[in-house]
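As structure tokens, the structure follows; a few thoughts come after it.
The values are calculated or read from the model by the stated rules, or taken from the named source; none is laboratory data. Just so it is clear, the model here is predicted, and its values are computed rather than measured. Cβ coordinates were reconstructed from backbone atoms using ideal geometry, including for glycine residues, and neighbour counts include every protein chain displayed. Keep in mind that these areas ignore ligands, DNA and RNA; they rest on the heavy atoms of the full protein, side chains included. Shrake-Rupley method; radii C 1.70, N 1.55, O 1.52, S 1.80 Å.
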Amino acid sequence: MYDFAIFWDWIEFAIRWTHVITAIAWIGSSFYFIALDLGLNREIPGPADGEEWQVHGGGFYHVQKYLVAPEAMPDHLTWFKWESYATWLSGAALLAVVYWAGAEMFLLDPQKADLAIWQGIGLSTAFLAIGWVGYDALCRSPLKEQPTLVMLVLFAGIVIASWALNQVFTGRAALLHLGAMTATIMSANVFFVIMPNQRIVVADLKAGRTPDARYGKIAKLRSTHNNYLTLPVIFLMLSNHYPLAFGTDAAWMIAALVFLMGVTIRHFFNTMHMRKPRPWWTLGATAVIFVLLMWLSTAPLFDTYEEAEARDLTPTEQRFAQAEGFDGAASIVQGNCSMCHAREPVWGTLRWAPKGVHLETEADIAKNARRIYTQAGVSHAMPPAIIGRLAPEDQATLVRWYRAAQGG
Ligand code: HEC
């Protein structure tokens with residue numbers, strides 16, 4: 001029997017796989033071009049602005065850069081845009097599958113804001129849109145003549161967004177959304193600014209006009225931002241694996257510090273690619289910020305691991321709690337899982353429930369029905385090997401309970 005829970009898990013995997021692959025392609029090409037551009041030898045004769053020799057995979061490459069454009073349109077031109085679009089599209093799909101479809105579990109925190117699911121999804125979308133509109137307005141404002149000031153205002157905006165997200169969503173969703181807002185800005189930079197400007201330049205070339213240097217300058221500002229935003233986005237996208245990062249009221253400050261580390265790390269590599277002396281101090285600064293971040297994550301000033309316990313069961317969850325076989329399933333879970341998945345685990349040196357998954361009370365078990373089913377009912381993912389597999393009849397009991405609640 002092939003049921004929805006299994007189908008859904010695989011869909012999630014397929015989308016995540018796509019997302020990671022496209023992100024690697026995007027970030028890879030973007031890192032490559034940043035390094036190429038910074039390292040160009042600009043002291044060359046002829047119309048080109050700079051050139052570089054590179055060796056890779058058994059051949060030599062001779063790349064030349066023309067700023068803003070060569071004199072005539074080349075016959076063949078490779079564009080780099082689908083890496084970015086596909087990353088955004090697959091990321092949006094993943095957001096919908098994990099945080100919208102799983103809003104009660106992952107997105108909403110009734111202790112912070114009592115939102116209906118549709119309101120949570122509306123806010124989630126609004127944050128992404130507002131981030132881009134605000135950022136774009138900033139880049140078009142008179143401030144644009146002072147790139148450093150733009151960066152500072154941008155950072156202030158990120159800190160405010162980080163704080164605001166943490167007022168309404170779970171810590172986990174807040175960090176993820178901050179990453180998604182930032183990544184949306186990066187993709188929108190490509191879609192709404194860099195590509196259209198590039199197309200104008202291409203059209204000018206085809207028509208025999210000299211392209212306006214202004215377009216190159218605008219694209220440069222935006223791609224500099226993309227450069228500095230990449231590393232924090234990756235941290236935020238991975239942060240949901242780390243309850244220490246998101247399971248505290250200090251999560252919004254942790255996120256802000258991550259953006260600073262993005263700058264210090266990028267600065268090191270950017271300077272290196274320019275073939276200047278390596279600014280080792282930036283790595284020291286990164287380490288200091290990281291230690292501060294580690295300290296913040298469990299600092300006694302902030303409540304940690306506050307979670308949405310108080311909320312009532314949703315109708316779906318109630319169905320699981322009332323389904324035939326619930327008592328049997330609950331006692332299997334309590335007997336085999338709760339030593340680790342507890343608010344105060346008693347197993348080994350565990351100090352908190354792995355992945356923040358609590359499986360102690362009957363309400364916990366009803367809320368986590370699907371995860372119990374996929375992790376321990378139809379697979380041997382849990383409990384960990386050291387504990388040993390569940391007995392086949394126990395697995396069968398979990399599966400029967402889950403399916404009974406699904407109506408068959
Ligand atoms: C010995 C301690 C231990 C026991 C017992 C245990 N788990 Fe876990 N569980 C873990 C650890 C560690 C992780 C985190 C795994 C990782 O990082 O990928 C985890 C993760 C999970 C997750 C989250 C998986 C994810 O990727 O989101 C679920 C759900 C889960 N366990 C369910 C169960 C169930 C159901 C049982 C009982 C049948 C169980 N666990 C028993 C230690 C335990």
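Numbers for the structure displayed
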read-out	value
1.4 Å probe accessible area per residue over region 4-298, in Å²	52
Cα-centre dipole for the chain with unit charges at Cβ (Lys and Arg positive, Asp and Glu negative), debye to 20	1260
Candidates 205, 176, 165, ranked by Gaussian network fluctuation over the chain, Cα under 10 Å, top entry	205
Selected from 35, 66, 296, residue furthest toward positive end of dipole (the chain; charges at beta carbon)	66
Extended-chain gain in nm, criterion 0.36 nm per residue less alpha-carbon gap, residue 291 and residue 151	48.0 nm
Of 171, 335, 134, the one that fluctuates the most in a GNM where the chain has Cα springs shorter than 10 Å	335
Linear extension gain, residue 206 paired with residue 78, 0.36 nm per residue minus alpha-carbon span	44.5 nm
Protein accessible area in region 315-405, 1.4 Å probe - carbon and sulfur %	53
Order of exposure, largest accessible area first, which applies to 191, 246 with probe 1.4 Å	191, 246
Positive-end residue of 23, 365, 124, charge dipole of the chain with Cβ unit charges	23
Lysine pairs within the chain, Cα separation less than 17 Å, 8 or more sequence positions apart or different chains	6
Per-residue SASA entry for residue 261, accessible area with 1.4 Å probe, Å² rounded to 10	20
List 71, 51, ordered by accessible area with a 1.4 Å probe, largest first	71, 51
Burial ranking of peptide ranges 278-287, 192-201 (average Cβ count within 10 Å, highest at the top)	192-201, 278-287
Convex hull of the chain built on C-alpha atoms - directionally averaged projected area, nm²	25.1
